[in-house]
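Worksheet: the structure to be examined is printed underneath.
The values are calculated or read from the model by the stated rules, or taken from the named source; none is laboratory data. From a predicted model like this one, the values you see are computed outputs, not experimental measurements. Methodologically, a virtual Cβ is constructed for each residue, glycine included, from the backbone with ideal geometry; neighbour enumeration extends over all protein chains shown. These area figures cover heavy atoms from the full protein model, side chains too; ligands, DNA and RNA do not enter into them. Shrake-Rupley method; radii C 1.70, N 1.55, O 1.52, S 1.80 Å.
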Amino acid sequence: MFADKSYLLLLILMPLLILFFYIAIKKRKDALNMLIANINLLSLSEVNLNAYKIKSILFLIGIFFIILALARPQYGNQNIKVVKESTEIVLALDVSKSMLAQDFNPNRLEKAKSIVLDIVTENPGEKIGVIVFSGDAMWQCPMTYDLQALKIFLEDVNVGVLPSGGTQVGNAIILACKALNTKLSKSKVMFLISDGEDHDSKINEAISIAKKVKLKIICVAIGSKEGSPIPVMDNAGKLKDYVRDSSGQVVVSKVNSELLQKIAQETGGKFFDASQKNISYDLVKTIKTLVKSNSEVDEINNKIDRFQIFVLAGLIFLIGALIYPVRRKR
């Protein structure tokens, strides 16, 4: 079989080359006949027309083998082990109602999704998974190398994908720790993207588990210190009201940077503020500096290239065509 069959189309040129050499040799013979009578050709001319035929044949055979070599003939199989060097990256995305606050345009959640999309797009070859969390946590996309699948899953992330309300950051951390490869020591990282609001979460327990499995948590704070009300939309997507507390007062959601800073510091991670201008660039740069681990070993069954034989044969015939003498020995 051939790996690059398109090069076999060049064989269409072979009849044209044959015709070209036939015409060239015929014209050479006609030119000699005009100068020397055919009966005296052998005795008066040193030119050997048969030699030109042989040179042409050698050249054509050489070109034929070179074309076959370009098409990369393959025969036999070989098993190749491919080691993937990558980082296990968990992207934990807060989908609680407070993420609908509009202190980012159009809201916190859309800003968070754009950051996650930048991380996914700029890190091909990494093993990435997406967790969404509010009062509970679940995998939106399991750990995968498939960037297109990740992007499709991200499109479906919205507030309300989880039935339980509130926000429990600890659940997302614990879920991530359970799924990551415990054999890896320096190649696990979690990006926790949230406004930091936390209701009755076992955050200290989650941090302890993260430290045991050596999971570094990089926290990205989404929201402003001044805070913003949480809109309530009707079925048509129009603003109906704002979330209110039991006394009827509008709830103002503020970012809890202190909690996120604590998580990052205690797990050996970093803290970022989403209001920074180069937030996506800084996050991608952080991933690039992480130590890679040989996390996956794949065995690939490949066909063995045999083009070398055809290249050698082609060169032998082409060199033969070049050095073959066209004059008779006296």
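The table for this structure:
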| read-out | value |
| --- | --- |
| Residues being open to solvent by 60 Å² or more (accessible area, probe 1.4 Å), in contact with a strand residue (DSSP E or B) (Cβ under 9 Å, 6 or more places away or on another chain) and either at positive phi or assigned to a helix (DSSP H, G or I) (or both) - total across segment 139-180 | 2 |
| Any helices (runs of 4 or more DSSP H) falling wholly within segment 1-117 and containing at least 1 residues that are of a type outside the set (D, E, K, R) and either modelled with pLDDT of 85 or more or under 30 Å from Phe272 (Cα atoms) (or both) | 13-35, 49-70 |
| Given (1) at pLDDT below 90; (2) over 28 Å from the mean Cα position of the chain (by Cα); (3) charged (D, E, K, R), index of the condition Asp305 fails | (2) |
| Complete set of residues in segment 104-146 that are more than 25 Å from Gly166 (Cβ to Cβ), free of Cβ contacts under 8 Å to residues at least 60 places away in the same chain and touching an Asp or Glu at 6+ places or on another chain (Cβ under 9 Å) | Val120, Gly125, Ile128, Met143 |
| Residue match in segment 227-248 (condition: within 21 Å of Thr286 (Cβ to Cβ), of a type in the set (A, V, I, L, M) and within 38 Å of the chain's Cα centre (by Cα)) | no |
